[in-house]
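The values are calculated or read from the model by the stated rules, or taken from the named source; none is laboratory data. Predicted model, so just to flag it, every value in this text is computed and none were measured. Every residue, glycine as well, gets a Cβ built from its backbone with ideal geometry; the counts of neighbours run over all protein chains shown. Note: accessible area is taken over every heavy atom of the protein model, side chains too, but ligands, DNA and RNA are not part of it. Shrake-Rupley method; radii C 1.70, N 1.55, O 1.52, S 1.80 Å.
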Amino acid sequence: MNDNLKNKIANLPTNAGCYLMKNTNNEIIYVGKAKNLKNRVSQYFTRPHAGKTQKMVSEVNDFDLTLTSSEKEALILEINLIHLHNPKYNIALKDDKSYPLVAIKMDRYPYLYVARNNKDKKSIYFGPYPNSSSCYEIINLANMLFPLRKCHKIPNKPCLYYDLKACLGPCIHQDLEYHNIVDDLIKFLKGNKKDIRESYRQKMMDASNNLEFEKANEYKKIIDSIDYITSKQNVQLKNNIDVDVFAYYVKEDYISLSTLVFRDGILINRINKVIDLYGDLDSLISSYILNFYENNVRPKEIIVPHNNDINILEEIMNISFVVPKKGDKLELLKLAQINAKKEMEDKFAKPLESNNQELLDRLTKLLNINSLHQIDIIDNSHLGYKDAVSAVVVYINGMPYKKMYRLYNIDESIAFDDLRSMYHVINRRFSRIKKEKGQYCNLLIVDGGFNQLKEAKKALDELEINLPVIGLVKDDKHITRAIVIENGEEIDIKSDKELYFFLVKMQDEVHRFAISNNRKKRSKSLTSSVLDEVSGLGKKRKELLLSVYKSIDDIKNASDQELSIYLPKKVIENLREKLL
């Protein structure tokens, strides 16, 4: 322990607050909160630790403190600091994943859609569900049962849904009363499927008695869909309540966290996660819960095992937390604990793979650099067209950090010159970071060989920015075979399969990002140019076509009858001429 640490530990305050552990590179590697900073922080250095906590403590060279007036403020601050700094030993808690929700947009004429968060105050949310497919199954069924509008933007004339009696047509009937339909839809999404199933069963029987077998078959399909959705939600509580259950299971240096999501008494989601265990258990679980509800709908009640932060969490979230001692709620907690244990057993049943931090440590040692907190990887894409782009993908602590992904347009004059494109993008990116006094990455990876690396290094040298740069070299079959470093030496990485696939995964991600956006840009450009040339196809009609059809091919393949919903006959003829 250095003298600076000893002095800071001796003068620790007894206030509540947050502590930020730093390594020798002055990077924040861990953020924690404490009711009493003196007691909590000193324990890291005065008590023996083992496993992953010991590894974290061994890297601490310094720490900073932020005092707060209460433990509640400390917990809120801790979450904000984790999101701001992405410390490598907290990163597992900062889960940007949001589970999809079924939402009703409460406009004058409401409509259904899939949402990824619950930020829109004009919407009502149901979920979260395990995946988008589950949401679309429910939305498709609800759209069959309730004739609400399907268009997010109301068109000027009725569409096919109106002709099929699947929409009441607010585009032409301005005095519609939606309230009763929306009320029934909300009941349905809350789990009251029995009544509507019975009404369709009666319709099916009536149609069959009237020898309308085709209509009866359509009603049968709807009943089957209701039964299918209901069968997937096969665990139900006695009370129709919204409740989430959190439980955990600890083994060695890992913690398995399990969440059961009940909405209106129906189990709609099971979420399991195994992460590294660092620091204080109660603090970790509290942070996990708060992070979970940043993007997900909050229930009326949360069931947890004992946690010292319960009163603080209740105050922050304005939700009732329950630690059950007996009864049905205890059984739910036990069920979640069984899930957590099973997830841990499944993890340990497989050969343990190296985690991202271990792979970063190996790469750090291989390249003889100090830190790999942030890695930038760059790829150029032109696909043989003029709409060239360069993509930058950012990895924080070995995980893709999509908020920092960037795209750069490449001028047509240099689009086919990969070396000039590389120089241009590096110069553009890092001159801006330098001007804005932003944070540089610890390693820059170029998707290319020594020549691309030299252009990147040339651009950095001219900006007087000293960063390690490597290239990922491919063989004649376009398969990555080695790392090339700044002196031109190549390092074979295929012998370390885990590290090799770790780097190839990064390479694939930046290539995917570049190609997908290049294609979007090109498709948009082509679509705009073709439709702009169609006589009689003004801005509003073009926007309507592009909102209904995803591509020119889709428009080309649409029948005249279908297009007549949106366009006059003469405009359809003009469109056909241009698309031949």
Restricting to region 1-39, give me the number of residues that are crowded, with 16+ Cβ neighbours inside 10 Å and either under 33 Å from the mean Cα position of the chain (by Cα) or closer than 17 Å to H373 by Cβ (or both). 17
Options K403, K458: the member that is modelled with pLDDT under 90 and assigned to a helix (DSSP H, G or I): K403
On the given criteria, is N466 at pLDDT below 80, among the polar types (S, T, N, Q) and open to solvent by 90 Å² or more (accessible area, probe 1.4 Å)? no
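Out of region 360-400, which residues are on the phi > 0 side of the Ramachandran plot and modelled with pLDDT of 85 or more? Reasoning before the result, please.
So in region 360-400, the residues on the phi > 0 side of the Ramachandran plot come out as 368, 383-384, 397-398.
Selection gives N368, N397, G398.
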Within region 387-422, restricting attention to residues that are crowded, with 21+ Cβ neighbours inside 10 Å and among the hydroxyl-bearing types (S, T, Y), which residue is nearest to the chain's Cα centre (by Cα)? Y395
Can you list residue pairs whose Cβ atoms sit under 7 Å apart, with the first residue in region 177-199 being closer than 16 Å to L101 by Cα and the second being acidic (D, E)? Count only pairs 6 or more apart in sequence or on different chains. K190/D264; G191/D264
Checking the structure you have, find out if any residue of region 255-271 is part of a loop (DSSP other than H, G, I, E, B), at pLDDT 80 or above and open to solvent by 10 Å² or more (accessible area, probe 1.4 Å). no
I'd like the residue in region 490-510 that is among the aliphatic types (A, V, I, L, M) and part of a helix (DSSP H, G or I) and, out of all such residues, is surrounded by the most Cβ atoms within 10 Å (Cβ to Cβ). V510
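Return the total of residues in region 100-112 being touching a Ser or Thr at 6+ places or on another chain (Cβ under 8 Å) and in a strand (DSSP E or B).
Going through region 100-112 one residue at a time, the tally reaches 3.
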Of the residues that make up region 56-72, is at least one basic (K, R), open to solvent by 10 Å² or more (accessible area, probe 1.4 Å) and either under 24 Å from Y401 (Cβ atoms) or within 31 Å of the chain's Cα centre (by Cα) (or both)? yes
Being under 14 Å from H173 (Cβ atoms) and either in contact with an Asp or Glu (Cβ under 6 Å, 6 or more places away or on another chain) or open to solvent by 80 Å² or more (accessible area, probe 1.4 Å) (or both) is the filter here; which residues of region 143-156 pass it? N156
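Is it true that N296 is in a loop (DSSP other than H, G, I, E, B) and open to solvent by less than 20 Å² (accessible area, probe 1.4 Å)?
Here the answer is yes, as N296 does meet what is asked.
May I ask you to verify whether T46 is touching a Leu at 6+ places or on another chain (Cβ under 7 Å), of a type outside the set (A, V, I, L, M) and either under 22 Å from L313 (Cα atoms) or open to solvent by 40 Å² or more (accessible area, probe 1.4 Å) (or both)?
When the stated conditions are applied, T46 does not pass them.
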Mind checking whether some residue in region 477-489 is modelled with pLDDT of 90 or more, outside any loop (DSSP other than H, G, I, E, B), over 32 Å from the mean Cα position of the chain (by Cα) and surrounded by fewer than 17 Cβ atoms within 10 Å (Cβ to Cβ)? no
In this structure, is Y249 hydroxyl-bearing (S, T, Y), in a strand (DSSP E or B), more than 21 Å from the chain's Cα centre (by Cα) and buried (at least 17 other Cβ atoms within 10 Å of the Cβ)? yes
From (1) part of a helix (DSSP H, G or I); (2) open to solvent by 10 Å² or more (accessible area, probe 1.4 Å); (3) within 24 Å of I28 (Cα to Cα), pick out the condition that doesn't hold for F430. (2)
Considering region 172-218 alone, what residues qualify as being farther than 27 Å from Y136 by Cα and assigned to a helix (DSSP H, G or I)? M205, D206, A207, S208, N209, F213
Would you point out the residue of region 554-580, among those that are in contact with a Gly (Cβ under 8 Å, 6 or more places away or on another chain) and open to solvent by 20 Å² or more (accessible area, probe 1.4 Å), that is farthest from V534 (Cα to Cα)? P568
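Take the residues in region 309-359 that are polar (S, T, N, Q) and either in a helix (DSSP H, G or I) or within 30 Å of M399 (Cα to Cα) (or both); name whichever of them is modelled with the highest pLDDT. If you could, list the steps in order and put the result at the bottom.
Step one: of region 309-359, the residues polar (S, T, N, Q) are 311, 318, 320, 337, 339, 354-357.
With the extra rule that they be either in a helix (DSSP H, G or I) or within 30 Å of M399 (Cα to Cα) (or both), the set shrinks to 311, 337, 339, 354-357.
On the way: N311: 90, Q337: 94, N339: 91, S354: 62, N355: 75, N356: 82, Q357: 82.
Here the answer is Q337.
If I ask for residues that are of a type in the set (F, W, Y) and not in a helix (DSSP H, G or I), which ones from region 140-171 would you list?
F146
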Residue count, region 119-139 (criterion: in contact (Cβ under 8 Å) with a residue 24 or more places away in the chain and assigned to a helix (DSSP H, G or I)): 6
Could you list, in sequence order, the residues of region 310-331 that are open to solvent by 100 Å² or more (accessible area, probe 1.4 Å) and either in contact (Cβ under 8 Å) with a residue 60 or more places away in the chain or small (G, A, S) (or both)? E315
